[in-house]
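J.: Dropping a structure here in structure tokens format, bear with me for questions.
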Amino acid sequence: MQKKRSRAGAAEQEAASDDGEMSDSSDKMEVSQNKGKSGIKRAPEADDVLRPVKLSKSDLYKPPTNDELNRLKETENLFHTNLLRMQIEELLQEVKLKEKRRKTIDGFLHEINALLGTIPETPKTDLTDQSWLSSSIKVPFLQVPYQVKGKFSFLPPSSIKVVGSYLLGTCIKPEINVDLAVTMPQEILQVKDNLNQRYSRKRALYLAHIASHLTDNKLFSSVKFTYMNSNHLKPILLLRPQGKDEKLVTVRIHICPPPGFFKLSRLYPNKNNVRTSWYTEQQTETEGVCDPPTPYYNNTILSDLTLEHHLHHLTNCATDFPGMKDAIALLKVWLHQRQLDKGFGCFNGFLASMLISYLLSKNKINKVMSGYQVLRNTLQFLATTDLTVNGITMATCSDSSLPSLPDFHEAFQVVFVDPMGVVNLCADMTASKYRQIQFEASESLKVLDDTNVNGFHLLLMVPKPFVRTFDHVFHLTNVAKLQGTCKKMKLLNQLIDRGGDYLATALPYLLSVLSKGLGPRVSLLSHTLTHKPEWNVGEEPAKHKDSGLVTVGLLLDPELYTNVLDKGPAADSSEALDFRAFWGEKSELRRFQDGSICEAVVWTGGSLYDKRKVPELIVKYLLELHANIPESCINYTGNALDCVLSRGRETSTEEEKMVSIIQSYDDLSRKLWNLNDLPLTITSVQGTHPCLRYTDVFPPLPVKPDWSSYHLLREKKCLIPNPEKPCPAYVSPVKVICHMEGSGKWPQDKDAIKRLKAAFQIRLSELLSSQHQLLCNPSATHTDVYKDGYVFRVQVAYHREPQYMKEFVTPEGMLKYQDTEESMQLEMETNHLPHLSSTLHGLHQQHPAFGGTSRLAKRWIQSQLLGDSFSEECLDLLVAHLFLHPAPYSPPSSALVGFLRFLHLVATFDWKNSPLIVNLNGELKGSEYTEIQNDFISARAQLPVMFIATPKDKKDSVWTKNQPTAQMLQRLIVLCLESLRALEQQLMDPRGNHDYKMIFRPPLDLYDVLIRLNPKQISRHREAVDQPAKSFFRGMLKEGAQVKDLMFPVVGYDPIQLFLQELREAYGEFALFFHDLHGGDVIGVLWKPSSFEPQPFKTTNVKGRQMDGKSDKALLVPNAEAFVEDLEILGEGLVAGVEAQTERWNI
């Protein structure tokens, strides 16, 4: 038995409140787990680390009670673990309303009830004469057109009833919404008020008059208007209490007609209730005769009529069914975490409640089920039932006069009919949004079925923001342009039905056009829900053009989305006409290899950088062609960060360069395998350079050195840098490990093995030169081979060498084995790294976005000057985790969304108490997960702060053994949180700052000393985040240039890295040095606080220190001024200047 990791409730859980009957939850719920903010230590204190609980013998063998046996049996049948059950119970306890709070809310409701009965009546006037209303109150309704028939006077409500989730007991914290249904007296209404928005306007005036008498009351802290589920035909009034209970509850006042006032048959989806002549203000002779049906308008009136009926229906279902209330609470949290529960056309708590009651009526669930069982069944139903094709109805009576399901399907995209058989509960939902709900339900079931993950945490505690869920996101920035879309698509009838809301009118049609155009390139297309905010009662309601943004997300198919060709129907087929009409001038006739002549659409795309833009080209082309939306109104952010992977002025992310290197490497590998006259055969050739697994930030370029920029060593046929010229461009050697076969000829002494390997290196060089005419440069540890413009560094390895390095003889003469730094380093280079590289190469073939994501992550870490604290392999594994364990998401198909998830993973993972398990090739099974967890907990104090386990490395975390330190990891977590917040804000707000490189510029104010570097000597200057103002010729000819006699280029020469090495060797005990490897022009220096403690006067302490003049004793303190001077002396020619930020010094 072990300690429960963390109480679900202890995680600060702000769940959405939304009401059961008509719910639209208000504020954002953030779920943040209790993480230690105090920093992560290499050897944590005993009470910080999770340890197994020790029980006495009597406790351990005590027989279980009947209750415990029943719970165990239930847990075994329903849950993967006992922990899941406890977490769910804890969460429910956390989000449900306490009895004490309920009493406070009841008191507040009684006071509101009393106030509503005292509002004075008003005289009867025309609907258009609103002079009786206080000038400080504005009618919460867009009265367009203004002229309308009808009379209005205010009379006290005929009834005031609480409806919705508060009465059902299914509302959840932190923000409780209580719904009051205020019924207008019959005398205010007239029989034909269902026509031309008369009822809607009377409803709004009734609400405005109530607001005018409550707005100055001391009982309320605020009185505001808002739209119910952002539907502008249904304004409601929000009341919040004064004082400390202000955030406890929001009372929402809904105005509704007397039950049965309107004849239901007049409001069926095939009936018209808004006359075209009235709306367009143009009289016609056939008024009302051939007007099109207005199903959406009718549905809004019907939903007001059926408020009470729905409440009674849900109350009957929830009686003696505690599992239903629990399931509704869990579903609300699930929906909120996926941003599906609020806005126009949302899937709110009321819909969730009605769906559960439908499943109960169809016997798909029963009243003895627990909340978890009901949740699973509901998700299963959503995942497998397409309400856009096969709608469902809760109506049980077989009244033939009621509209049929086909009638509803003709009028609405998603169909779910209420128990009365007249209201479509999903009227405002688009088909795209429902498919997203289906997709989320399906993914959630997979998570619940996976025994190796914490399903509770991933389903109910992890938020899924829109920008992190979809691979590509774009915004329609000017909503007013959709007016033109409605004209172009001839949507006047639908616009009248929607009361002039051109956004709600055009959106379903836009999405269907995009869905058809993008075709198999996208597996899911959805949009954000427009959420109209609250406003003060003295303000006019916002116009439709102020609706904000429409954001559309694409979930891409990784294999198909870069296709540049759309093959259409045969030229002589009947479908060809439709194809040409849909694609316009883009459609052209093409002959294909099979001889067929078909319609086709071709998109430009030479490089992978261009091909990734194909979905963007399609979206912009189709929206302009079919919807009159110009390119300037579309902000497409799918490839926003490609710019940081481009070198200099190039607009390419250089994937093709890596393919070229891999082809050259494969050819070299074949040549090595086929070498003749080697004393021993080669058993394996494995590349370990990041470019061979597609994760090198800037892959090596083919190089042809220009002799004039170098000094020449003719006897060695190689070049050396010329100090008078700019530093030559950096040439990265591509490392290749070449394993030789085992043989009795190998010596058993480590030094002798090194000498024999050196002889092999020379022999390899000779054979490659003689048999394949390759330029080689051998040394004792490796052979550099110049091939196709790339330099491959071939290193001979013998599989038993690390074993001989571990040998030592005890004083007693016994031979023993012990890991040494040298043996572990060699083992990592020759065993671990080749295996990891080939595995990650395979992962990239499976998930093409893996390479780009890893490159972005590394580029960002380097740009924050933390590159020396995190190895390339460590970062590759972190990114691999996102693709192998993507839950609750699907694996990323774009580098940008992968990078966002990388930032989120690093910032939120519990590094102190959990190992990060990366199941490469799916080799780990369930029992091994448990074994890794248990070994980690028992040995936590000795393990690195960032522990990454793989199938070949379950106990040591070799890639993070020495780095990062606790302070560096803590610094990275802070930077990840801030960068994630800033970047997501930029991506979701196209009107703000578009400089996406902002998060790649490090804050320099926290360093004690800044060393500014001479750009002339920065060998990777073109890789800088911001394009350098001045560029230098760095001794390399262009790819196609002719060269008389090839010379070996300068390999792996980076003066800045050599300078840093010197600084760390000389001053490592006093300071830390930080630098961006990719063209960074500054080195940040931080003092180590411990090194500034005064030291006793000894010869061993003299280096870099001076006598402390302030002390009576003979003490030494660091000589900071001399250190700053030394930086300039040591870096002569490299250093442009040194800035000592002395105001930060605390010495």
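J.: Considering segment 469-510 alone, what residues qualify as being open to solvent by less than 20 Å² (accessible area, probe 1.4 Å), part of a helix (DSSP H, G or I) and within 17 Å of Glu281 (Cα to Cα)?
T.: Within segment 469-510, Ile496, Asp497 qualify.
To keep it simple, each residue is scored yes or no on (1) under 30 Å from the mean Cα position of the chain (by Cα); (2) open to solvent by 10 Å² or more (accessible area, probe 1.4 Å).
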residue	(1), (2)
Asp610	yes, yes
Leu625	no, yes
Leu672	no, no
Asn676	no, yes
Arg693	yes, no
Asp696	yes, yes
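J.: Any chance you could count how many residues in segment 755-782 are part of a strand (DSSP E or B) and either touching a residue at least 40 places away in the same chain (Cβ under 8 Å) or acidic (Asp, Glu) (or both)?
T.: Of the residues in segment 755-782, 2 are part of a strand (DSSP E or B) and either touching a residue at least 40 places away in the same chain (Cβ under 8 Å) or acidic (Asp, Glu) (or both).
J.: Which of the numbered conditions does Arg763 fail, given that it passes all the others? Conditions: (1) open to solvent by less than 50 Å² (accessible area, probe 1.4 Å); (2) at pLDDT 90 or above.
T.: The single condition Arg763 does not satisfy is (1).
J.: Within segment 210-229, identify whether any single residue is among the hydrophobic types (A, V, I, L, M, F, W, C), buried (at least 16 other Cβ atoms within 10 Å of the Cβ) and closer than 30 Å to Thr280 by Cβ, and answer yes or no.
T.: yes
J.: Of everything in segment 837-892, what is surrounded by fewer than 24 Cβ atoms within 10 Å (Cβ to Cβ), under 15 Å from the mean Cα position of the chain (by Cα) and not in a helix (DSSP H, G or I)? Give them in sequence order.
T.: His885, Pro886, Ala887, Pro888, Tyr889, Ser890, Pro891
J.: To continue, here is another question. Residues to consider are Thr681, Thr651; find the one that is farther than 26 Å from His1078 by Cα and surrounded by fewer than 19 Cβ atoms within 10 Å (Cβ to Cβ).
T.: Residue meeting the stated conditions: Thr681.
J.: Continuing with the same structure: List the pairs whose first member sits in segment 129-156 and is open to solvent by 40 Å² or more (accessible area, probe 1.4 Å), whose second member is β-branched (Val, Ile, Thr) and modelled with pLDDT under 85, and whose Cβ atoms are under 6 Å apart, counting only residues at least 6 apart or on separate chains?
T.: From segment 129-156, no pairs qualify.
J.: Continuing with this model, one more query. Checking the structure you have, find out if any residue of segment 544-551 is touching a strand residue (DSSP E or B) at 6+ places or on another chain (Cβ under 8 Å), under 26 Å from Val144 (Cβ atoms), outside the structural domain of Val223 (by the TED database) and not in a strand (DSSP E or B).
T.: yes
J.: Just to be sure, is Ile112 in contact with a strand residue (DSSP E or B) (Cβ under 8 Å, 6 or more places away or on another chain), outside any loop (DSSP other than H, G, I, E, B) and among the β-branched types (Val, Ile, Thr)?
T.: Spelling it out, Ile112 is indeed in contact with a strand residue (DSSP E or B) (Cβ under 8 Å, 6 or more places away or on another chain), outside any loop (DSSP other than H, G, I, E, B) and among the β-branched types (Val, Ile, Thr).
J.: Also, I was wondering about something else. For segment 910-953, which positions are among the charged types (D, E, K, R) and open to solvent by 30 Å² or more (accessible area, probe 1.4 Å)?
T.: Once the filter is applied, which keeps residues that are among the charged types (D, E, K, R) and open to solvent by 30 Å² or more (accessible area, probe 1.4 Å), segment 910-953 yields Asp910, Lys912, Glu923, Lys925, Glu928, Glu931, Asp935, Lys952.
J.: Working only within segment 1118-1135, note down all residues that are open to solvent by 40 Å² or more (accessible area, probe 1.4 Å) and either touching a helix residue (DSSP H, G or I) at 6+ places or on another chain (Cβ under 8 Å) or of a type in the set (D, E, K, R) (or both).
T.: Selection gives Glu1121, Glu1125, Asp1126, Glu1128, Leu1130, Glu1132, Gly1133.
J.: Something else about it: For segment 1114-1147, give me each residue that is modelled with pLDDT of 75 or more and among the charged types (D, E, K, R).
T.: Glu1121, Glu1125, Asp1126, Glu1128, Glu1132, Glu1139
J.: Tally the residues that are among the charged types (D, E, K, R) and open to solvent by less than 20 Å² (accessible area, probe 1.4 Å), restricting the search to segment 291-324.
T.: Number satisfying all stated conditions: 1.
J.: I'd like to know if segment 1079-1086 contains one or more residues that are modelled with pLDDT of 85 or more and among the acidic types (Asp, Glu). Walk me through it before giving the result.
T.: Taking segment 1079-1086 as the starting set, the residues that turn out to be modelled with pLDDT of 85 or more are 1079-1086.
Within this subset, residues satisfying the condition of being among the acidic types (Asp, Glu) are 1081.
Checked segment 1079-1086: at least one residue is modelled with pLDDT of 85 or more and among the acidic types (Asp, Glu).
J.: Quick one: count up the residues across segment 717-754 that are surrounded by 13 or more Cβ atoms within 10 Å (Cβ to Cβ), polar (S, T, N, Q) and either at pLDDT below 90 or in a strand (DSSP E or B) (or both).
T.: Here the count works out to 1.
J.: When you scan segment 1010-1018, do you find a residue that is open to solvent by 20 Å² or more (accessible area, probe 1.4 Å), free of Cβ contacts under 8 Å to residues at least 12 places away in the same chain and either under 30 Å from Phe470 (Cβ atoms) or touching a strand residue (DSSP E or B) at 6+ places or on another chain (Cβ under 7 Å) (or both), even just one? Break it down into steps so the answer makes sense when it comes.
T.: Within segment 1010-1018, the subset open to solvent by 20 Å² or more (accessible area, probe 1.4 Å) is 1012, 1014-1017.
If we keep only those that are free of Cβ contacts under 8 Å to residues at least 12 places away in the same chain too, we end up with none.
No, segment 1010-1018 has no match at all.
J.: Run Tyr786 past the list (1) crowded, with 21+ Cβ neighbours inside 10 Å; (2) in a loop (DSSP other than H, G, I, E, B); (3) not aliphatic (A, V, I, L, M) and report the number of the one that doesn't hold.
T.: It fails just one condition, (2).
J.: Then there is this: If Ala327 meets every condition in (1) buried (at least 22 other Cβ atoms within 10 Å of the Cβ); (2) touching a residue at least 60 places away in the same chain (Cβ under 8 Å) apart from one, which number is that one?
T.: (2) is the only condition that Ala327 fails.
J.: A further question follows. Condition (residue is of a type outside the set (Asp, Glu), touching a Pro at 6+ places or on another chain (Cβ under 6 Å) and in contact (Cβ under 8 Å) with a residue 24 or more places away in the chain) applied to segment 647-657: is it met by at least one residue?
T.: Yes, that holds for at least one residue.
J.: Between a residue in segment 504-522 that is under 20 Å from Cys346 (Cβ atoms) and any residue that is of a type outside the set (Lys, Arg) and open to solvent by 60 Å² or more (accessible area, probe 1.4 Å), which pairs come within a Cβ distance under 7 Å, given they are 6 or more apart or on different chains?
T.: What qualifies is Thr505/Gln494; Pro508/Gln413.
Residues checked against (1) under 17 Å from Ile682 (Cβ atoms); (2) hydroxyl-bearing (Ser, Thr, Tyr); (3) under 45 Å from the mean Cα position of the chain (by Cα):
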| site | (1), (2), (3) |
| --- | --- |
| Gln761 | yes, no, no |
| Glu766 | yes, no, no |
| Asn777 | no, no, no |
| Ala780 | no, no, no |
| Tyr786 | no, yes, yes |
| Arg793 | yes, no, yes |
| Pro802 | no, no, yes |
| Lys806 | no, no, no |
| Met814 | no, no, no |
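J.: Could you figure out which of (1) part of a helix (DSSP H, G or I); (2) open to solvent by 30 Å² or more (accessible area, probe 1.4 Å); (3) in contact (Cβ under 8 Å) with a residue 40 or more places away in the chain; (4) within 25 Å of Phe698 (Cα to Cα) isn't true of Leu977?
T.: (4) is the only condition that Leu977 fails.
J.: Select from segment 822-844 the residues that are hydroxyl-bearing (Ser, Thr, Tyr) and in contact with a Pro (Cβ under 6 Å, 6 or more places away or on another chain) and list them in ascending order.
T.: Scanning segment 822-844 gives a single hit, Ser823.
J.: OK, next. Hey, could you check segment 90-109 for residues that are without any contact (Cβ under 8 Å) to a residue 12 or more places away in the chain and assigned to a helix (DSSP H, G or I) and say which is least open to solvent (accessible area, probe 1.4 Å)? Talk me through it step by step, then tell me what you get.
T.: Within segment 90-109, the subset without any contact (Cβ under 8 Å) to a residue 12 or more places away in the chain is 98-100, 102-103, 106-107.
Restricting the remaining residues to those that are assigned to a helix (DSSP H, G or I) gives 99-100, 102-103, 106-107.
Working: Glu99: 114, Lys100: 164, Arg102: 52, Lys103: 143, Asp106: 60, Gly107: 30 Å².
Per the criteria, the residue is Gly107.
J.: Cβ-Cβ distance below 8 Å, separation of 6 or more or different chains: which pairs start in segment 950-971 with a residue that is assigned to a loop (DSSP other than H, G, I, E, B) and end on one that is hydroxyl-bearing (Ser, Thr, Tyr) and surrounded by 17 or more Cβ atoms within 10 Å (Cβ to Cβ)?
T.: Note: pairs meeting the criteria are Gln963/Ser869; Gln963/Ser871; Pro964/Ser869; Thr965/Ser869.
J.: Sticking with this one: Among residues belonging to segment 79-125 that are in contact with a Lys or Arg (Cβ under 6 Å, 6 or more places away or on another chain) and farther than 28 Å from Phe220 by Cα, point out the one that is modelled with the highest pLDDT.
T.: Lys124
The values are calculated or read from the model by the stated rules, or taken from the named source; none is laboratory data. Everything quoted here is computed from the prediction, not taken from an experiment. Heads up, the Cβs are rebuilt from the backbone with ideal geometry, glycines too, and the neighbour counts pull from every protein chain shown. Side chains are part of the model used for accessible areas, which takes the heavy atoms of the whole protein and leaves out ligands, DNA and RNA. Shrake-Rupley method; radii C 1.70, N 1.55, O 1.52, S 1.80 Å.
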